[in-house]
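The values are calculated or read from the model by the stated rules, or taken from the named source; none is laboratory data. Computed from a prediction, not measured in an experiment: that's the story for all the values here. Because the Cβ atoms are built from the backbone with ideal geometry, glycine has one as well, and the counts that use them run over all protein chains shown. Accessible surface areas use protein heavy atoms only, side chains included; no ligands, DNA or RNA. Shrake-Rupley method; radii C 1.70, N 1.55, O 1.52, S 1.80 Å.
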Amino acid sequence: MATPSRPPDPSDNAFADGVPPEPFALVYDELLRVAHRHLAREAEGHSLSTTALVHEAYLRLRDRGTSGFNDRIHFFAMAARAMRRILVDHARRHHAAKRGSNARRVPLESIERLGDGALDVEERAELLVALDEALVRLAELDSRQAQVVELRFFGGLTEEETAEALGIGLRTAKRDWAKARSWLYQTLYPDMVG
Amino acid sequence: MDAFRAERFRRADAVFDAALDLAPDERAAFVERACSDDMELRADVQRLLRAYGQSDDFLDTSAAALAAPLLANGPTPGSDGVATIPDRIGPYRIEREIGRGGMGVVYLAERDDPTFRQRVALKVVRGGIPDGGRRHVARFLAERQLLASLEHAHIARLFDGGVTIGGLPYYTMAYCEGGSLADRLRVNGALPVGEALPIARQLATALGAAHARGVVHRDVKPGNVLFDVDGSVRLTDFGIAKLLGDDVTHTGGVLGTAAYLSPEQATGETVDHRADLWAFGVTLYEMLSGRRPFDGSSYAVVLHRIVSATPEPLRACVPGIAPDLDALVMRLLQKSPSLRPESAEEVVRALDAIAVGGDARSARRDAGHAPRNTVKAAHGSPDRRRTARVIVGGAIALLSAVAGYVVWQRADGSSALSTNAPAPLRAMAAPSVAVLPFANTSGAAADEPFTDGLTDELIGTLGRVRGLRVIARSSVFALKGSHLAARAIGDTLGVDHVVEGSVRRSGDSLRVFAQLVSVRNDSVLWSERYDRQLKDVFAVQEEIARAMAGALRVQFALGDERLQAVGNPEALDLYLRGRFALNTRTGSADLLRAARLFEAAIERDSSYARAYSGLSDAYASMGNFGYGRPRETFAKARENALRALRLDSTLAEARTSLAHTLCVHDFAWDAADREFRRAIEEDPGYTFARMAYGVCLGARSRFDEGLAQLDTARRSDPLRMGIGALRGRVLVGAGRPDEAIAALTHALDLNPQADLAWEQLGEAYLMKGQDADAIAAFRKAAELSGVRDSAQLAYALAVTGDRGTAERIVRDLVTSSRTRYVPPFHIAMAYAGLGQVDTALDWLEQAYEERASFISGINVTEAFKPLHGNPRWGQLVAKMGLERRR
């Protein structure tokens, strides 16, 4: 089967050159499986590493002889897209379930016994959904910056791998990453930035 | 894709990119040059640069770890208190959790940097703060600098801070291996004096150092007193409470336990360094006795005691305690800040003197004056100024002690009169009270209607008490969610007392907490907690009202028929949700939903009068807004109002609904009069009755009476929207454009979205011949009601000379009226403005047949003056029972 010669563009939902979504579906499923395997091992997933998941998925798919990919980097790029879909899908499902309920109020007695440290589940879901939407908008304005974010954050790729995947210089990749994060940050937290 | 936006982004990105090539201190100047006078571009780039400065850690983490709890199908973290410990926050690797409290969680972390290892305590501020914590985070970042500069042997150094991926603030400080004072007290109970005093002294020096830099801690408590490995004190969390907004409310604060709050913090007064001295006093008390001086079963009870109760003297719980130590602690726990030691330095000196077992007199002198001191020269005092104040203060204190008041000088020189007794009765009108929206503490948004309903009920119950002035619902709910202190609320609403409380509903059980607070001196006159069953909710409400009336020394006399047991909790629930939807009232969907909820309530309890009343209101609203056919909806409104009244003849809202229908649908003016009056008599605080009656009177040209009703409404419901607009309407009808303009302008200041008010303003301007202003107002009204060209605008254009446009608009509207509903009343206005009398009358007659909106006001509408001579007009007006105007 034909394979795309470049990483998927964040702004297209279907693959423009008619490639069947099978490789993508494979990657998606495998990533999900790997993630659940890791989660089962350490119940709270606090050390779940995107990079580790992607690498493991790659190895497993490669060992099964399912080669729909030119190379490692190409796989990673697709995995980044798949990971993004997985996480955002889960976030939206959770968000939809919760829609209609206001911010939780803490009952008087349990004020001392507050739950999580960093973010609770609702906040994570909200953040991911907001991030995804912002990323879509960023892709309309500068598709390469958006791709860098997808590869680095959702794919766990290093700066070098990102540069290679996009066919750009390392310095450019770093710069894009910095700029994209700035733009996303001010989009998601406008009050912080004024 | 918006090419505009893309271009704007491209330009900003280019400058941003170039700026990043420069050294940080060159960027600002470069941006100025590069953007020259393009302010938008400059703002965009500056925003990006600011974001760049803050987004170091942003997204610099594992997406999978972030989303892990979403992927897992097991119990979500936090619901049972089990936390997901992140692996990294910013540049720090998290080792383990070392504590948690009201504000967040503390981790032991290590900086993940090969060139610079550092072990820190990392505290993350919890999420779930109402506004998402963004305001707090912004303040936190601004203050970090100052806090980081506090260097003292007994202050835990603040190193660093940042924002987690989720946008929560965190900060890092030196890790103190000796644990906290809270831990020690938990394990050991009270500490021996020999151990407590050195800790206290170190703590006091830390406070002194901070106060000298102008920093007030605001959250001194054993949990924040940490120990180094060598046992020396490190005070931590400086000023964090302030950064987090100190959102102390009477019904439950964000900051955890209330036990260490000073009275001034509890009541929302200004807070200075002396609040820290208070908290220090509480801590010292606890160290010595193993107990807290102010404790209680709930947050609010503790606050109450802090503000008004005297703690048990230390000598009672610590036998053999040095009298001067006892006295020092008691002085630190003076309710009035000026009676406490003036500074941390004084406390240190006092502690030293106590430790030495020194001269009792010198300790007393150094620790500040006490009311019992008579005028006495203080020998050897190095500070003459302070001595002088001691003497003066002492004398006044002595005199005042006799009078039963305490007078003090505030730090800024102004003086204030305060009393520990209930406020002396002023020669004034009836005591006034505002029932603030009770807080829903059950954690479920579904209970919000119930809680609001309870507030409503209480307002209603109190409103029927003779001799008590109660602020109506809408003004009170306008303040919902604001964090104003009692005094600010009192000023805004013009009341002396507020009632606050919280409600927690769980299945069939109910817990209600309520308290009555005097605005004038911020004291709690009464508070109580009720644990009851849901079916007793009205009994509880009456108990509360009765108790409150007693506290306000007002005669509380309610007839027995008020005491309704809730026959069917399900029905009650549906009814309250219906009311909630009705009050939201943002569109036809809400009204329909409200109607359905009321019907469902009726299904479960067919003798539920309130539900019929609610249903009647829902239909009346639909009629007013023109949803559905007015004839039908008003008929249903009347039908349900009558059913409600048959079941409970005292229901003012049902009677008002009936009266309103009689007015706008039946044109039965005298009957409407009677019903309105009766409703108002039944429930003088029911604002809507007066509003509807006022307009009705206006329609019948009884302008002064109408205005009187609206004025009364305004007094009892100062924040209610809509009253001003109605006043304007009546004044326009009365042909008093100047007053109308004043009233409407004011109303529009409060609520610029009120399209009806804009319309009336336009009418007023037309009367005054201010054509341009009139057109502008009509345009604004049209815009707000969602159309570009309205019939009312056409009318205005016609009478100001632009007939061509007016005709076009009317033509278009009439054409569209074949496919959708177009209010006939306003079309008639437009035709009248164009001088087409017969066509105008055609439309008016149609409006009458339909009982369309506004038809009842036909006689006081300026637009139809040219029609008054026409016989058809005479017939129409006669049919409506109105008097033909000359």
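I'd like to check which helices (runs of 4 or more DSSP H) are fully inside the range A:104-194 and have at least 2 residues that are modelled with pLDDT of 90 or more. Working first, answer last.
On the way: elements: A:121-141, A:143-149, A:159-166, A:170-188, A:190-193.
By residue number, A:121-141, A:143-149, A:159-166, A:170-188.
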Residues that are more than 7 Å from chain A (Cβ to nearest Cβ), modelled with pLDDT of 85 or more, surrounded by fewer than 20 Cβ atoms within 10 Å (Cβ to Cβ) and within 30 Å of residue A:132 (Cβ to Cβ): does the range B:21-31 have at least one? no
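Evaluate the following for residue B:281: is it under 24 Å from residue B:524 (Cα atoms), outside any loop (DSSP other than H, G, I, E, B) and touching a residue at least 24 places away in the same chain (Cβ under 8 Å)? Steps first, answer last, please.
Details: under 24 Å from residue B:524 (Cα atoms): yes; outside any loop (DSSP other than H, G, I, E, B): yes; touching a residue at least 24 places away in the same chain (Cβ under 8 Å): yes.
Yes.
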All conditions in (1) at negative phi; (2) in contact with a helix residue (DSSP H, G or I) (Cβ under 9 Å, 6 or more places away or on another chain); (3) in a loop (DSSP other than H, G, I, E, B) are true of residue B:268 except (1)
Condition check: at pLDDT below 90 and more than 20 Å from residue B:846 (Cβ to Cβ). Does residue B:757 satisfy that? yes
Hey, can you tell me all the residues within the range B:303-326 that are out of contact with any Lys or Arg (no Cβ under 7 Å at 6 or more places or on another chain) and not in a helix (DSSP H, G or I)? B:309, B:310, B:311, B:312, B:313, B:318, B:319, B:320, B:322
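Look at residue B:77 and say whether it is under 30 Å from residue A:57 (Cα atoms) and either more than 11 Å from chain A (Cβ to nearest Cβ) or at pLDDT 90 or above (or both).
Working: under 30 Å from residue A:57 (Cα atoms): yes; either more than 11 Å from chain A (Cβ to nearest Cβ) or at pLDDT 90 or above (or both): no.
So residue B:77 fails the test.
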Could you count how many residues in the range B:327-345 are open to solvent by 10 Å² or more (accessible area, probe 1.4 Å) and part of a helix (DSSP H, G or I)? 7
Only one of A:165, A:173, A:139 that is over 17 Å from residue B:63 (Cα atoms), touching a residue at least 60 places away in the same chain (Cβ under 8 Å), more than 7 Å from chain B (Cβ to nearest Cβ) and touching a Ser or Thr at 6+ places or on another chain (Cβ under 7 Å): A:139
Quick check on the range B:164-181: of everything there that is among the hydrophobic types (A, V, I, L, M, F, W, C) and open to solvent by 20 Å² or more (accessible area, probe 1.4 Å), which residue is modelled with the highest pLDDT? B:174
Output the residue which, of all residues in the range B:587-640 that are of a type in the set (A, V, I, L, M, F, W, C) and touching a residue at least 40 places away in the same chain (Cβ under 8 Å), is nearest to residue B:453 (Cα to Cα). B:611
Of the numbered conditions (1) in contact with a Ser or Thr (Cβ under 6 Å, 6 or more places away or on another chain); (2) assigned to a loop (DSSP other than H, G, I, E, B), residue B:789 fails exactly one; give the number of that condition. (1)
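Residues checked against (1) at pLDDT below 80; (2) part of a helix (DSSP H, G or I); (3) within 29 Å of the chain's Cα centre (by Cα):
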{"residue": "B:591", "(1), (2), (3)": "no, yes, yes"}
{"residue": "B:598", "(1), (2), (3)": "no, yes, yes"}
{"residue": "B:603", "(1), (2), (3)": "no, yes, no"}
{"residue": "B:607", "(1), (2), (3)": "no, no, no"}
{"residue": "B:612", "(1), (2), (3)": "no, yes, no"}
{"residue": "B:619", "(1), (2), (3)": "no, yes, no"}
{"residue": "B:631", "(1), (2), (3)": "no, yes, no"}
{"residue": "B:635", "(1), (2), (3)": "no, yes, no"}
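In this structure, is residue B:485 in contact with a Gly (Cβ under 6 Å, 6 or more places away or on another chain) and modelled with pLDDT of 75 or more?
Numbers: in contact with a Gly (Cβ under 6 Å, 6 or more places away or on another chain): yes; modelled with pLDDT of 75 or more: no.
Taking the combined requirement at face value, the residue does not satisfy it.
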Restricting the range B:33-70 to residues that are touching a residue at least 60 places away in the same chain (Cβ under 8 Å) and more than 7 Å from every other protein chain (Cβ to nearest Cβ), the residue that is nearest to residue B:17 (Cα to Cα): B:56
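Answer with yes or no whether residue B:744 is in a helix (DSSP H, G or I), open to solvent by less than 20 Å² (accessible area, probe 1.4 Å) and either on the phi < 0 side of the Ramachandran plot or of a type in the set (A, V, I, L, M, F, W, C) (or both). Quick ask: steps written out before the conclusion?
Details: in a helix (DSSP H, G or I): yes; open to solvent by less than 20 Å² (accessible area, probe 1.4 Å): yes; either on the phi < 0 side of the Ramachandran plot or of a type in the set (A, V, I, L, M, F, W, C) (or both): yes.
Yes, satisfied.
Residues checked against (1) closer than 28 Å to residue B:661 by Cβ; (2) part of a helix (DSSP H, G or I); (3) modelled with pLDDT under 90; (4) open to solvent by 20 Å² or more (accessible area, probe 1.4 Å):
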| site | (1), (2), (3), (4) |
| --- | --- |
| B:822 | yes, no, yes, no |
| B:828 | yes, yes, no, no |
| B:848 | yes, yes, no, yes |
| B:872 | yes, yes, no, yes |
| B:884 | yes, no, yes, yes |
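Select, from A:94, A:38, the only residue that is in a helix (DSSP H, G or I), within 23 Å of residue A:135 (Cβ to Cβ), modelled with pLDDT under 80 and within 11 Å of another protein chain (Cβ to nearest Cβ).
Details: A:38 fails: within 23 Å of residue A:135 (Cβ to Cβ).
Only one candidate qualifies: A:94.
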Considering the range B:427-453, residues that are modelled with pLDDT under 80 and of a type in the set (A, V, I, L, M, F, W, C), and then whichever is least open to solvent (accessible area, probe 1.4 Å), we arrive at B:450
How many of the residues making up the range B:241-285 are at pLDDT 55 or above, open to solvent by 30 Å² or more (accessible area, probe 1.4 Å) and within 14 Å of chain A (Cβ to nearest Cβ)? 1
Hey, can you tell me all the residues within the range B:752-777 that are closer than 25 Å to residue B:705 by Cβ and open to solvent by less than 60 Å² (accessible area, probe 1.4 Å)? B:754, B:757, B:759, B:760, B:761, B:763, B:764, B:767
Let me spell it out: the conditions are (1) open to solvent by 20 Å² or more (accessible area, probe 1.4 Å); (2) within 26 Å of residue B:495 (Cα to Cα), and residue B:691 meets all of them except one. Which number is the exception? (1)
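Output yes when any residue across the range B:805-812 is in a loop (DSSP other than H, G, I, E, B) and aliphatic (A, V, I, L, M), and no when none is.
First pass over the range B:805-812, keeping only residues in a loop (DSSP other than H, G, I, E, B): none.
The answer is no; no qualifying residue exists.
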Filter the range B:80-104 for residues that are open to solvent by less than 10 Å² (accessible area, probe 1.4 Å) and modelled with pLDDT of 75 or more; the one that is farthest from the other protein chains (Cβ to nearest Cβ) is B:92
